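Heads up, the thing below is written out as C-alpha cells.
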Amino acid sequence: MSQPLWGGRFTQPTDQFVQEFTASITFDQRLYRYDIQGSMAHCRMLARQGILTTAEADQILAGLTDLLTDIEAGRFDFSVALEDIHMNIEARLIERIGPVGGKLHTARSRNDQVAVDIRLYLRDEIAAILAFLTSLQGALLDQAEANLDTLMPGYTHLQTAQPVLLAHHLLAYFEMLQRDRGRLQDCSRRLNQLPLGAGALAGTTFPIDREWVAQQLGFAGVTRNSLDSVSDRDFALEFCAASATLMMHLSRLAEELILWSSADFDFIELSDAFCTGSSIMPQKKNPDVPELVRGKTGRVYGNLISLLTLMKALPLAYNKDMQEDKEPLFDSIDTVKGSLKIFADMIAQMRIKAGNMRTAAARGFSTATDVADYCVRKGLPFRQAHEVVGKTVRYCVETGKDIPDLSLEEFRRFSPLIEADIYDFVTLEASVNARTATGGTARSAVAGEIVRARQQLEGT
Ligand code: ARG
C-alpha cells in the first residue's frame, strides 16, 4: 500500500476507515491537469531562482509530463491512502524519478497548492460555461428573429395583461443571461490572482518569485496576504452565487416551456428528443428536460448554501473543513454546464404554434389599456380613462363580447370621446406596435434589440 507523505511524526498507521473518510481523491482527481500545471510553473521558478538546479528541475518536469500522459491514458492508479490529488501526484513522481521528486514541494504547501489548483480549474470552467451561455443566447436570438411577427399574451399574475411579441419575451431571457455573463466574468476576473507562494499560511523562507509564476500561469497578479491566500474561498462562493442566479433564470424559462407545452396552453411543441413518455398513459409526452433543469436549480442553490455554511466562522487560515468546498463547486459547474447545453439545443428545436399564441393573445381583453390610453390622448385624465374602460370591460363580460367587437355606439356609452378611429387602436398589432419607446414590444423596437443583442454576442 502507498505510504502517506507526512508519516514522519506518526508511530501508528492511520485507521483504514479514517483514511477513506479524510481522503478527497475520489473527487479532487479532476484537478489533476491544473495540479501538474501549477507544479511545473513552481518547479521552473525554483530553478530560475537557484533553489533547484536545472538538472533537478528537468528531471521533475519530465516526470510530471509522464504522469500527465499516464493520467490522460487512464494508466494512473489513484490511491485513497495518498489522500488527495496533490499527494497522489507527488508520491508517484518520487516513485518514478527518485528522491529528487521530493524537492518539488520546496517553498510550497498543499494549502497554497490546492488554492491555485481550484483557481486555475475554475477559470477554465467559467470560460467553458460562458461558451455554453453564448450558444443558448444564440438559440434564443434565432428564435426571436424567426418570431418577430408572432403575437402572444403578455402576463402579470399569470393573467392576460397586454399582447407582446414572442421575440420580445425571448429577448427578456437574453438580457437575464447577459447579466449572468457579467457576474461570471466578474468572478473570473477577481479570482485571477496567484495564491501560490503563501506556503502553509505564513509565506516561505525561500527566495521565490511569485510574480513570475503568476505570469506563467496567466494570472493578472499575486494575492497580497498569505493567510488570506490559503483561507479564501470567496471566488468559489461568487461562482456558486452567480450559478444559482443563472439557474434561477433557467428555471423560470423551464417553467414557461412546461406551461406552454401543456394541452391547455398549447403554445409550443418541444422536440421528441427532449421529452419522454409515460409507462401507463399512451398519450403523454412529458417535458422532462425543462422539468429536470427546474429541479436541478435546487441543488445549485443548495451548493451555495453548503459553501457559505462551510466557510462561516472558520478561523484563519486553512482548515480541513475546506476540503468540503470541492463537491458543491464541482456539482454546480457540472449542473450549469449541462443545463445550458441542453437548453441551447432544446430552444433551437422547439416548434412555435404561432396561431394558438395569437388566439390566446386576443383573449382576456388584452387591449383594454390601449382603449384607456386612447381616451387619455383625447384629454381624459388617466384615472378617469381607467374607470371608463373598467366599465366597458364589465359590459363585455356581461354581454359575452370582446372589446374590438363593440359597436361605436356601445363604446360611446362609456365615453363620448371615443370615435370611429378607436378600431385602429384595439387590434393586437396596433397594441404591440404602439409601444415604441426603448425596451418596448413594438416590432421596430424589438428588431433593433435583436441587432444589438447579436452585436453584443459577437463581441464576446
Ligand atoms: N485535500 C486538501 C483540500 O482539498 C488539500 C489541502 C490539505 N492541506 C492540509 N493541510 N491538510 O483542502
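Checking a compactness column here: for segment 199-317, what do you get for Rg(Cα) / (2.2 N^0.38 Å), N being the number of residues?
Output field value: 1.72.
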Inter-probe distance in nm under a simple model that places probes 7 Å from Cα toward Cβ, at K312 and W6:
2.7
On a 0 to 90 degree scale, rounded to 10, what angle separates helix 382-399 from the longest Cα axis of the chain?
70
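Using the alpha carbons of segment 7-106, what is the convex hull volume per residue in cubic angstrom, as a whole number? Mind dumping the intermediate values first?
Details: hull volume 10.0 nm³, N = 100.
Measuring per residue, one finds 100 Å³ for the Cα hull of segment 7-106.
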So the number of lysine pairs in the chain with alpha-carbon atoms under 30 angstrom apart, 8 or more residues apart or on different chains, is 28
Stretch gain in nm, segment D405-T69, where the contour uses 0.36 nm per residue and the Cα spacing is subtracted
113.5 nm
Just in segment 216-280: which trypsin sites (Lys or Arg not before Pro) are loop by DSSP and have at most 10 other Cβ atoms within 10 Å?
R224
Treating the angle as unsigned and between 0 and 90°, give the value, to the nearest 10°, between the Cα long axis of helix 54-72 and the longest Cα principal axis of the chain.
50
So the pair-distance distribution of segment 368-426, from every Cα-Cα distance in 5 Å bins, comes to percents of 4, 22, 36, 27, 10, 2
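At 1.306 mPa s and 10 °C, plugging the Kirkwood radius over alpha-carbon pairs of segment 111-359 into Stokes-Einstein gives what diffusion coefficient in µm²/s? Before the final figure, lay out each step's value.
Values: Rh = 20.2 Å.
For the chosen part, D equals 79 µm²/s.
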Evaluate the distance, in nm, between pseudo-label points positioned 7 Å from the Cα of L130 and of Q283 along their respective Cα→Cβ axes.
4.9
Run the numbers for K378 and R452: contour at 0.36 nm per residue of separation, minus the present Cα-Cα distance, in nm.
23.1 nm
Label zone at E387 (point 7 Å along Cα-to-Cβ), backbone N below 20 Å, segment 362-379
368-379
So what's the angle, to the nearest 10 degrees on a 0 to 90 scale, between helix 326-349 and the longest Cα principal axis of the chain?
40
What size of dipole, in debye to the nearest 20, comes out for segment 111-359 about its Cα centre when the only charges are +1 on Lys and Arg C-beta atoms and -1 on Asp and Glu C-beta atoms?
180
Restricting to bridges with both residues inside the chain, how much of the DSSP beta-bridge set is antiparallel, in percent to the nearest 5?
80
Which order results if V114, V376 are arranged by neighbouring Cβ count within 10 Å, fewest first?
V376, V114
For a footprinting-style exposure proxy, rank H169, H86, H386 by other Cβ within 10 Å, fewest first.
H386, H169, H86
Give me log10 I(q)/I(0) at q = 0.09 Å⁻¹ for the chain, Debye formula, one equal scatterer per alpha-carbon, no solvent.
-0.74
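Assigning unit charges at the beta carbon (Lys, Arg +1; Asp, Glu -1) and nothing else, what dipole magnitude in debye, to the nearest 20, does the chain show about its Cα centre?
Computed charge dipole of the chain: roughly 700 debye.
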Can you give me the Cα centroid spacing of segment 31-107 and segment 215-252 in angstrom?
26
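We did not get these values from a lab; they are worked out from the coordinates using the rules stated. Please read these numbers as outputs of a predicted model, since none were measured by experiment. Glycine gets a Cβ as well: all are built from the backbone with ideal geometry, and neighbour counts include every protein chain shown.
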